[in-house]
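Structure record follows, encoded as structure tokens.
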Amino acid sequence: MDLSSLTIKEASELIRKKEISPVELTRVVLKRIEEKDPRINSYITVLWDEAINQAKEEEKLIVSGNYRGPLHGIPLSVKDIFVMRGVRTTCGSKILENFISPYDSTVVKKLREAGAIVVGKNNMDEFAMGSSTENSYFGPTRNPWDLDRVPGGSSGGSAAAVSASLCFASIGTDTGGSIRQPASLCGVVGLKPTYGRVSRFGMIAFASSLDQAGPIAKTVEDAALVLNVIAGSDPRDSTSVRLPVPDYTEHINEGIKGLRIGIPKEYFIKGIDPEVEGAVRKAINFFEDLGAHLEEISLPHTEYAVSAYYIIAPSEASSNLARYDGVRYGFRSPHCESLRDMYTKTRAQGFGAEVKRRIMIGTYALSAGYYDAYYLKAQRVRTLIKRDFEKAFERVDVIMTPTSPEVAFRIGEKIDDPLKMYLSDIFTIPCNLAGLPGISVPCGFNSEGLPIGLQILGKPFDEETILRVGHNYEIHTSWTRRKPPFA
Ligand code: GLN
């Protein structure tokens with residue numbers, strides 16, 4: 001049996017019954033990383049020794065009867081945006097190339113407490129800015145379905161690693177689509193929880209009012225198992241919400257008869273790849289066979305979402321990134337003549353082009369005289385977008401759309417055209433602006449064998465429903481069982 005191809009649910013059953021051991025499972029995953037990752041580049045750091053040592057500890061616990069639950073002994077990875085004690089955390093940037101964190105992010109802490117084995121830190125666009133993982137200082141990640149194509153971004157390393165079975169699941173972050181879009185392009189499941197559902201403590205900030213962590217997994221059920229562990233309020237993150245965390249697997253097997261599905265007409269626009277549209281429409285119609293009702297809805301302010309996002313996110317980023325000054329963290333430019341010279345050279349040499357572009361846009365939008373015209377206006381548009389969703393959710397339980405307007409594009413295809421790159425997230429961004437939960441579930445392949453994703457959006461804190469809906473689709477279709485050629 002190829003252990004690496006199991007789901008978390010399957011592997012954890014075998015671990016619980018002591019039929020396989022965490023050490024055995026971790027060795028299988030590390031060996032695959034050693035063989036496959038030089039071509040895919042989905043990891044920035046692999047914890048070769050630490051992972052085996054931790055697996056040995058977990059094994060002892062399990063043998064002595066202290067089984068902790070479904071993630072116990074399961075090899076996972078995290079995007080290199082989550083700090084981890086004693087381990088390098090780069091955020092895909094030269095400026096943090098050698099930064100070693102003195103503490104654990106809450107996500108990592110919770111994974112460790114659940115007995116999961118963190119095998120490494122995944123590649124990503126620098127500071128999570130991008131849609132292709134080409135903005136990483138550590139080189140692009142390649143898509144396991146076609147090595148000449150991008151895996152999406154910014155959590156492209158996470159999605160590629162899950163897709164190529166180089167971990168059982170990974171934690172990504174989603175500010176404007178960075179969990180769902182790479183999941184879609186790599187043929188795996190990506191869940192962006194409601195803003196505030198998962199603690200942001202120790203997760204390097206990009207745009208604080210939008211950033212949210214969530215699982216990228218092989219199946220919807222696996223995503224639910226991971227969310228069970230990482231969700232919940234955290235005294236260290238004042239924006240994490242104090243609501244009880246349900247068991248996200250409890251109702252996942254219930255049917256969807258009578259479910260009301262909204263199809264927003266603004267998401268089926270000119271320019272969307274016809275094969276993507278075809279697969280998504282087919283998937284949506286399949287829900288009708290399962291007993292759901294489809295209803296066309298309108299989210300009239302959708303067309304302003306990308307513009308509002310590209311004011312709000314860079315504004316917040318320009319403020320968050322002010323801390324990288326060569327004094328407190330990571331890289332410092334050598335040979336500086338004065339303090340000012342040191343700041344300037346450190347930032348000029350430490351940040352990549354896209355990060356600098358965002359800092360400049362953000363600083364401009366926030367500066368005196370422009371604040372009202374840009375930032376405030378964008379925040380107002382954000383409210384209108386949120387209201388569109390509130391109104392729609394009075395009539396429907398979930399909303400379905402394509403995750404991305406296209407399949408994985410070629411490496412290099414958009415890197416010189418930021419606007420083209422920004423449009424990759426046209427269908428994922430509104431959900432972040434409104435703070436809603438959303439999931440991308442594989443729903444087919446195009447004629448070249450590249451994966452296509454269906455996006456399911458839910459009401460605030462109703463991750464349970466989108467997980468149940470996604471799971472219902474998944475068990476009636478076989479898309480998630482297909483394996484990429486380079487895995
Ligand atoms: N691609 C979008 C951006 O570049 C979203 C990134 C994200 O969700 N982290 O900002």
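The values are calculated or read from the model by the stated rules, or taken from the named source; none is laboratory data. Values in this document were obtained by computation on a predicted structure and should not be read as measured data. For neighbour counting, all protein chains shown are included, and Cβ atoms are generated from backbone atoms with ideal geometry for every residue, glycine included. Note: accessible area is taken over every heavy atom of the protein model, side chains too, but ligands, DNA and RNA are not part of it. Shrake-Rupley method; radii C 1.70, N 1.55, O 1.52, S 1.80 Å.
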Note to self: Among the residues of segment 236-246, are any under 15 Å from VAL107 (Cβ atoms) and in a strand (DSSP E or B)?
What the structure shows: yes
Next item on the list: Among the residues of segment 65-119, count how many are assigned to a strand (DSSP E or B) and of a type outside the set (S, T, N, Q).
Entry: 10
Notebook entry, point to check: Taking the stated definitions as given, is THR175 surrounded by fewer than 24 Cβ atoms within 10 Å (Cβ to Cβ) and out of contact with any Pro (no Cβ under 7 Å at 6 or more places or on another chain)?
Noted result: no
Checklist line | Failed criterion for ARG481 (all others in (1) at pLDDT below 95; (2) among the charged types (D, E, K, R); (3) surrounded by 17 or more Cβ atoms within 10 Å (Cβ to Cβ) hold) | finding: (3)
Note to self: So, GLU50, is that one among the charged types (D, E, K, R), modelled with pLDDT of 95 or more, under 25 Å from the mean Cα position of the chain (by Cα) and within 30 Å of ARG482 (Cβ to Cβ) or not?
What the structure shows: no
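For every residue, the table says whether it meets (1) charged (D, E, K, R); (2) under 24 Å from LYS31 (Cα atoms).
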{"position": "GLU134", "(1), (2)": "yes, no"}
{"position": "THR141", "(1), (2)": "no, yes"}
{"position": "ALA164", "(1), (2)": "no, yes"}
{"position": "SER170", "(1), (2)": "no, yes"}
{"position": "GLY202", "(1), (2)": "no, no"}
Notebook entry, point to check: Only one residue in GLY444, GLY435 is within 16 Å of the ligand (Cβ to nearest atom) and either in contact with a Cys (Cβ under 6 Å, 6 or more places away or on another chain) or over 18 Å from ILE216 (Cβ atoms) (or both). Which one?
Noted result: GLY435
Margin query: Pairs please, first residue from segment 411-436 and part of a loop (DSSP other than H, G, I, E, B), second anywhere and within 10 Å of the ligand (Cβ to nearest atom), Cβ atoms under 7 Å, 6+ apart in sequence or on different chains.
Written below: LYS414/SER132; LYS414/MET421; ILE426/VAL306; THR428/GLY176; THR428/GLY177; THR428/ARG180; THR428/GLN181
Next item on the list: From GLY172, GLY130, GLY176, GLY153, grab the single residue that is within 13 Å of the ligand (Cβ to nearest atom) and in a strand (DSSP E or B).
Entry: GLY172
Notebook entry, point to check: How many of the residues in segment 335-364 are farther than 17 Å from ASN135 by Cα, open to solvent by less than 90 Å² (accessible area, probe 1.4 Å) and not in a helix (DSSP H, G or I)?
Noted result: 2
Note to self: So the check is Cβ under 6 Å with 6+ separation or different chains; which pairs have a first residue in segment 98-110 that's closer than 21 Å to PRO70 by Cβ and a second one that's of a type in the set (Asp, Glu)?
What the structure shows: THR106/ASP234
Note to self: Which of the numbered conditions does GLY291 fail, given that it passes all the others? Conditions: (1) small (Gly, Ala, Ser); (2) in a helix (DSSP H, G or I); (3) more than 19 Å from SER478 (Cβ to Cβ).
What the structure shows: (2)
Check: Do any helices (runs of 4 or more DSSP H) lying entirely in segment 1-64 carry at least 2 residues that are small (Gly, Ala, Ser) and under 27 Å from VAL87 (Cα atoms), and which ones are they?
Finding: 8-16, 48-63
Note to self: Checking the conditions here, which among ASP416, ASP425 is closer than 23 Å to SER136 by Cα, open to solvent by less than 40 Å² (accessible area, probe 1.4 Å) and either within 16 Å of the ligand (Cβ to nearest atom) or basic (Lys, Arg) (or both)?
What the structure shows: ASP425
Note to self: Within segment 365-383, does at least one residue satisfy the condition of being open to solvent by less than 20 Å² (accessible area, probe 1.4 Å), more than 16 Å from the ligand (Cβ to nearest atom) and not in a loop (DSSP other than H, G, I, E, B)?
What the structure shows: no
Check: Regarding GLY120, is this residue touching a strand residue (DSSP E or B) at 6+ places or on another chain (Cβ under 7 Å), closer than 17 Å to THR45 by Cα and at pLDDT 95 or above?
Finding: yes
Next item on the list: Would you check if there is a residue in segment 388-403 being open to solvent by 50 Å² or more (accessible area, probe 1.4 Å) and either hydroxyl-bearing (Ser, Thr, Tyr) or within 16 Å of the ligand (Cβ to nearest atom) (or both)?
Entry: no
Margin query: Quick check on this structure: which one of LYS192, LYS218 is within 9 Å of the ligand (Cβ to nearest atom) and either open to solvent by 10 Å² or more (accessible area, probe 1.4 Å) or modelled with pLDDT of 95 or more (or both)?
Written below: LYS192
